[in-house]
1. What distance in nm lies between label points placed 7 Å from Cα along the C-beta direction at Leu165 and Glu199?
2. For the ranges 98-104, 116-122, 151-157, what's the packing order if you count other beta-carbon atoms within 10 Å of each residue, average per peptide, and put the highest first?
3. Positive end of the charge dipole of region 3-288 (Lys, Arg +1 and Asp, Glu -1 on Cβ, about the Cα centre): tell me which of Ala77, Gly260, Thr21 has its Cα farthest that way.
4. Can you sort Arg115, Arg24 by how many other beta carbons sit within 10 Å, fewest first?
5. Just to check, using Stokes-Einstein with a Kirkwood Rh over alpha carbon pairs, what's the diffusion coefficient of region 48-111 at 4 °C and 1.567 mPa s in µm²/s?
6. For a Förster distance of 30 Å, can you work out the FRET efficiency between the beta-carbons of Leu10 and Leu259, rounded to the nearest 0.05?
7. Tell me, in nm to one decimal, what length is gained between Ser139 and Phe114 on full extension, where the rule is 0.36 nm per residue of separation less the Cα-Cα distance?
8. Kindly state, to the nearest 0.05, the FRET efficiency for Val210 paired with Ile54, given R0 = 30 Å and r defined as their beta-carbon distance.
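Just so it is clear, none of the values below were taken in a lab; they were calculated from the coordinates. Since the model is a prediction, treat every value here as computed from it, not as a measurement. Quick reminder, even Gly has a Cβ in these numbers, built from the backbone with ideal geometry, and neighbours come from all protein chains shown.
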Amino acid sequence: MDLRAIGMGLAFALMWSSAFTSARIIVADAPPLTALAVRFLISGLIGVGIALAIGQSWRLTRAQWRATILFGICQNALYLGLNFVAMQTVEASLAAIVASTLPLLVALFGWLIFRETLPPLGVAGLAAGFFGVALIMGSRIGGGVDLFGIGLCVLGALALTFATLALRGASSGGNVIMIVGLQMLVGSVALGIVGLLTEDLFLRLSWPFVAAFAYTTLVPGLLATWVWFTLVNRIGATRAATFHFLNPFFGVAIAAAILGEALGALDLLGVAIITAGILAVQLARQRAR
């Protein structure tokens, strides 16, 4: 893995992890699904516009269209939609921790359902990762965390796990930026319909909201997705996924620094265990392949 790939991986992990903090700010001043639909509409139009400007085409292969629609629904509409709703009552750090279990869930279901090879190091990593989650959840539940919100975060992680396992190579064949933009538009349509039918529309304009919305639209929304697909094309999905081990640490650190969310000793211990577990799982899968 070269230095450029390492830099891209670190940048992606940082941008991905910061999205939970900015989302927490957004949902305090706007309905979550409608706000997310508008964000995806803007990000998608920008992405498609950039793609057309540099000569990319929306004439995708059948496999690319299937992957684009599935990821648009599962990642943008379900995963992020459920997380945005949950973060009305769940702290950003806790949502980031649940979401960071994605590589653990992908490895677990790939091993159990698709019979993918998982060496003993990977099995140990799974056990450690889920133990770390249980450790944090135990302390938070005792502190009165919203269980319904946590359930929404878990459902979102499962939806993205399904999409990840069902379709691989969403960016193969080129047109990476176009695919990213079209995925955003798919998510925007799905969330916009649900939001208009279920939410009371309101908006409290504030500097934190404007800054968080602009940042979320451009950085985690568009730039991070493009960096991820580019990184996957450069070093492969398995090696790229190794950088997910940084997400628990970055997620709680950013939430603590910007939102002032408190972190107890068990939270820090749990994050360290989850981080080690994710790294063990990814290294084991990489060696197995």
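1. For the pair Leu165/Glu199, the computed spacing is 3.0 nm.
2. Numbers: 98-104: 25.0, 116-122: 16.0, 151-157: 20.1.
By packing density, highest mean first, the sequence is 98-104, 151-157, 116-122.
3. Ala77
4. Arg115, Arg24
5. After rounding, the answer is 90 µm²/s.
6. Values: r = 22 Å, r/R0 = 0.74.
Calculated transfer efficiency: 0.85.
7. 5.6 nm
8. It comes out at approximately 0.55.
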